[in-house]
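Take a look at the structure below.
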Amino acid sequence: MTTGVRRRMGVEERRQQLIGVALELFSRRSPDEVSIDEIASAAGISRPLVYHYFPGKLSLYEAALKRASDDLAARFMEPREGPLGARLLRVMGRFFDFVDEHGPGFSALMRGGPAVGSSTTNALIDGVRQAAYVQILSHLDVREPPARLELVIRSWISLAESTALIWLDGRRIPRAELETQLVHDFAALAAVSAAYDEEMGALLRRILKDEPADGPFADLVGRLIALAS
């Protein structure tokens, strides 16, 4: 027979529950629009108890962003198996899964939200970008990237961010098209850089050598040829 007595959570368990509740609410609406009262109600506790675990909304918001940023960074992890184009396409699929599921939260993470300009938020954003950068280098099997390659990768990561933010404003372009387009963008950025630098040229030739005829990179080449004809 159950007594109906609610099990008391430990401190860390309750903190994690509040972070999860806040992140869920931030995923549906802008963090600026979510109150501590709403978070407390969704968690089934009182407003003062929320403040017992977090000194204020900003600290809870930053904790939720930390969990979101860890999740987002993990989306760039992909086994180094198969052609690069297919790997990047899978990464973009997971990236847009996150964006789709956590629209307002993603916007807040990239734009700073209530914590805009704070060192904590800036560090979280930089951490996501660095994790993505390291993963792309791993896919390229490059340990010491030349300056032009670093420029290509970091420019592409910024492009993926801005593309996702624009897409969230109305979702006017089919998501699958944007995922493929971003993979094409990576190849295009690399190709332009290769036109100026032999080291980048050698890297691009190595990448394309393993690309199948039905892969996204070959698809881009076909589209460009059709455009020029």
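The values are calculated or read from the model by the stated rules, or taken from the named source; none is laboratory data. Treat the numbers as computed from the prediction; the structure is a model and nothing was measured. Don't worry about glycine lacking a Cβ; one is built from the backbone with ideal geometry, like all the others, and counts go over all protein chains shown. These area figures cover heavy atoms from the full protein model, side chains too; ligands, DNA and RNA do not enter into them. Shrake-Rupley method; radii C 1.70, N 1.55, O 1.52, S 1.80 Å.
Positive-end ranking of L165, L89, S35 along the dipole of the chain, with charges on Cβ about the Cα centre, is headed by S35.
Can you tell me the length gained on complete extension of the stretch R15 to R154, counting 0.36 nm per residue apart and subtracting the Cα distance? The partial results should precede the final answer.
Details: separation 139, 0.36 × 139 = 50.04 nm, distance 3.44 nm.
Full-extension gain reported as 46.6 nm.
About its Cα centre, how strong a charge dipole does the chain have in debye, to the nearest 20, once Lys and Arg get +1 and Asp and Glu get -1 at the Cβ?
The dipole of the chain has a size of about 720 debye.
For the pair the range 128-146 / the range 162-184, the C-alpha centres are spaced 23 Å from each other.
Within the set [x] 14.0; [y] 17.0; [z] 19.3, the number that mean projected area of the Cα convex hull in nm² takes when calculated for this structure is listed as [y]. For the range 1-77, the relative contact order comes to 33 percent (Cα pairs under 8 Å, sequence separation of at least 6). Connecting C-alpha atoms closer than 10 Å in a GNM of the chain, tell me which of P216, P31, P174 has the biggest fluctuation. Sorting by GNM fluctuation, first place goes to P174. Across all C-alpha atoms in the range 1-91, the radius of gyration and Dmax reach 17.9, 58 Å. Peptide packing for 157-170, 128-141 was compared via the average number of neighbouring C-beta atoms within 10 Å per residue; ordered from the highest value, the list is 128-141, 157-170. Springs join every pair of Cα atoms under 10 Å in this Gaussian network model of the chain, and among A108, A40, A202 the largest mean-square fluctuation is at A202. Solvent-accessible area assigned to carbon and sulfur over the chain amounts to 55 percent, based on a 1.4 Å probe. Helix by helix, which DSSP H runs in the chain go 24 Å or more along their axis at the Cα atoms and have an average Kyte-Doolittle hydropathy of -1.0 or more? Long hydrophobic helices here: 11-28, 57-74, 84-101, 119-140, 147-168, 175-194. Rolling a 1.4 Å probe over the protein chains gives E177 an accessible area of about 110 Å².
Restricting the range 1-110 to trypsin sites (Lys or Arg not before Pro) that sit in a DSSP loop and have at most 16 other Cβ atoms within 10 Å of their own Cβ leaves R6, R7, R8, R29, R80. For the chain, relative contact order (Cα pairs under 8 Å, six or more residues apart, normalised by length) works out to 20 percent.
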